[in-house]
Amino acid sequence: MTARPARPPSLPVLAGAALLVLGACVPVQPVGASPEREDVTGVRADPGAVRAGGDLVVALSAEPDRLDPTTSSSLYTRYVMNAVCEKLYDVDADGELVPQLAAALPTTSADGLEVTIPVRQGVRFADGTPLDAAAVVTTLERNLTLETSSRKSELGPVSDVQALDPATVLVRYSRPFAPLTASLADRAGMVMSPTALAELGEDFGDRPTCVGPFKYVERVPQTSITVERDPNYYAADEVHLDSITYRIMTDANIRAANLRSGDVQVADSLSPQDVDALAQEDGIGLLQTGSFGYQGVTFNLGNTEGVGNPPGRIDTPLATDPRIREAFSLAVDRQALVNSVFNDWYEPACSFISPASTYATAAGEACPPHDPERARRLLTEAGVQLPYRIRVSASNTADTLRLSQALQASVLEAGFELEIEPVEYSTLLDQQSSGDFEAVQLGWSGRVDPHGNAASFLTTAAGNNYSGYSNPEVDALLQRAAQSTDPAVRAQLYGQVVTIVQRDNPIVYLYRVRSITGYVSSGEDAVAGVETYADGVVRLGRAAFVTEED
């Protein structure tokens, strides 16, 4: 096992319940802070115990969106893409940035305007196309120019990208952009086959072709996605499985039951309701780690034309009066939600910065108090009729039903009445992008650099700015933070952003999840080599079935 001190949690995507106010509410009772938990990020395979081949079945907790690195927004898409689309850089178990398809970390000119990326040589895509600097340029240009791209703001103010030679990419900036390496450690850095892009264009996600330990085989909507070992992979000798089938199982109880029965060998995002019992069972191992992200409620302030477009105007008290959104933040008892709904496994969150981050400060970690009396006064000052009703779109899973019930109970005393609209996860992502919501209960699995957790969501017209939020002061602060290479300066600037965002509340941050992954640890289906890191992704590229020692 790989164990280390726990990072404060966070992760994927939660929400849910039934339309209108739910009657049987989860009790919300303040209790003590969540206990410290030790991270277990992986289980290594003894080389002598590895069995060659085999077909691994994974219980995946939601249907991924399109398998396109440029446009996708789902954590669960990242799970699948991690097996088939390697990146220029990656995050390791300690949260450090390391080269993957790049040959080394990038170098930056003294003025910060030119970044040079060395590209690994002798590598081929799954379709046999050689990986070179030109292929990287093709991917980056697509991320920057495709109309539906969610990656453009992640890459910063790029003025030009070019291949200096087959092994070297030069990225030029109009102003310095410090978070580039971190951005290239996720979807923005997944290099796509230029041959496949030329053939498929915007349909690339129907048949994604990249460099990875596995290659895409097929997708059965709402059922499964299958990948198989890629013989072209540069480290094919380190890949043990013949195939991986990601079987969609949205119900946490079903995932846990299938893990117990051995019908699946790995299950992601196990429910805190099941974890304590699973931990006591023979033959089941658990990985657990905090994450860089958050869960929260996003309010639609101006997303009238779809995400990434300039904000419009929504003439509702919720969208136009920040006192109502501040009241909602004050109405939520975050600690009680965590303890009551998630059995102390998660932790409260009040911003996009994890307390374990290099960029954490007192301002960045500041948390609005639970103050229903002040919340009610703010609603009265705003002149709205009480109870003030908000329609919250949320994922239709059991855990998120519990959360929604508890959230309803938490804000009731302050004068809010929540109508929860349960929506299938992939449909919820579409609604979030199109602006077809008043409020949406979702989250973000997080990135190692705060830029990846803030700029795309809070900068005017950015690729993940689902709220349609626009504040020139926040735009300027985030730009300054991205330009600085001094962690202390960046931390101070992000703290200022948090202060403003907690005044405007386009997003009310609620809690951070622990990523809990189960695997079969004994018997004929025992597996090892499974890893999950603080970026929220379950890694299976080096997983294997193993033979137990006598």
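Distances between every pair of Cα atoms in the chain, grouped in 20 Å steps from 0 to the bin holding the largest one, split as 23, 57, 20, 1 percent. Of all stretches in the chain that contain no trypsin sites (Lys or Arg not before Pro) in a DSSP loop with at most 14 other Cβ atoms within 10 Å, the longest one is 45-312.
Taking GluC sites (Glu not before Pro) across segment 383-461, the ones in a DSSP loop with at most 16 further Cβ atoms lying within 10 angstrom of their Cβ are 413, 424.
Between residue 371 and residue 547, the simple label model (points 7 Å from Cα in the Cβ direction) yields a spacing of 6.6 nm. Only DSSP H runs of four or more residues enter the estimate; each adds -39500 (n - 2.57), and after division by the residues of the chain the mean residue ellipticity at 222 nm equals -8000 deg cm²/dmol. Once C-alpha pairs closer than 8 Å and six or more residues apart are averaged by separation and normalised to the residue number of the chain, the relative contact order reads 27 percent. Relative contact order for segment 85-206: 31 percent, from Cα pairs under 8 Å spaced at least 6 residues apart, divided by residue count.
In this structure, residue 277 and residue 38 have a Cβ-Cβ separation that, at R0 = 22 Å, corresponds to a calculated FRET efficiency of about 0.70.
Across every pair of non-identical alpha carbons in segment 85-206, the mean reciprocal distance, once inverted, gives a Kirkwood radius of 14.5 Å. Dipole size of segment 85-206 about its Cα centre, with +1 on Lys/Arg Cβ and -1 on Asp/Glu Cβ: approximately 240 debye, rounded to the nearest 20. Using 0.36 nm per residue and subtracting the Cα-Cα separation, the extra length available between residue 362 and residue 105 on full extension is 89.4 nm. Label sites at residue 251 and residue 121, each approximated as a point 7 angstrom past Cα along Cα to Cβ, lie 5.6 nm apart. Considering only 370, 450, 509, and ranking their Cα positions along the charge dipole of the chain that arises from unit charges at the beta-carbon of Lys, Arg, Asp and Glu, the one farthest toward the positive end is 370. What the Cβ-Cβ distance of residue 46 and residue 199 gives, at R0 = 51 Å and to the nearest 0.05, is a FRET efficiency of 0.75. Net charge dipole, the chain: roughly 1120 debye, given to the nearest 20, about the Cα centre with Cβ charges of +1 for Lys and Arg and -1 for Asp and Glu.
As I understand it, the dipole of segment 85-206 uses +1 on the Cβ of Lys and Arg and -1 on the Cβ of Asp and Glu, about the Cα centre. Which of 196, 137, 161 lies farthest toward its positive end? Towards the positive end, the residue furthest out is 161. Relative to the 2.2 N^0.38 Å rule of thumb, segment 199-297 has a C-alpha radius of gyration ratio of 1.33.
Candidate membrane-span-like segments in the chain, meaning DSSP H helices with Cα atoms spread over at least 24 Å of their own axis and a Kyte-Doolittle mean of -0.5 or above, are 487-504, with no membrane implied.
Throughout, read-outs are computed from the coordinates displayed, never taken from laboratory work. Because the structure is predicted, anything quoted here is derived from the model rather than measured. Heads up, the Cβs are rebuilt from the backbone with ideal geometry, glycines too, and the neighbour counts pull from every protein chain shown.
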